[in-house]
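I have placed the structure first, in the form of structure tokens, so that the comments after it can refer back to it.
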Amino acid sequence: MVEAMTDKQFDIILKMVSMILDGCKDLDEAKRKVRELTGDLQRSFFLANTVQLVTKL
């Protein structure tokens, strides 16, 4: 099941990304931070879905 993101949640995520990128010295640092964030989010999403599936068994 896919859950829709609310406008408020989307705005918060954009603000967080903006705050992180504001502290970057150059484009390479910004790219590295975005890669780290997306990797962490993918791992968190995978873990959450795995836990949800296991609890349903």
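What to note about this one:
- Residues that are at pLDDT 85 or above and of a type in the set (Gly, Ala, Ser), drawn from region 11-41: Ser18, Gly23, Ala30
- Search result, residues across region 26-44 that are under 9 Å from the mean Cα position of the chain (by Cα) and open to solvent by 100 Å² or more (accessible area, probe 1.4 Å): Leu41, Gln42
- Members of region 15-25 found to be open to solvent by less than 90 Å² (accessible area, probe 1.4 Å) and either in contact with a strand residue (DSSP E or B) (Cβ under 8 Å, 6 or more places away or on another chain) or part of a helix (DSSP H, G or I) (or both), listed by number: Val17, Ser18, Ile20, Leu21
The values are calculated or read from the model by the stated rules, or taken from the named source; none is laboratory data. Since we're looking at a predicted model, the values are computed, not measured. Note that each Cβ is placed from the backbone with ideal geometry, even for glycine, and that neighbours are counted across all protein chains shown. SASA here: full protein model, heavy atoms, side chains in, ligands and nucleic acids out. Shrake-Rupley method; radii C 1.70, N 1.55, O 1.52, S 1.80 Å.
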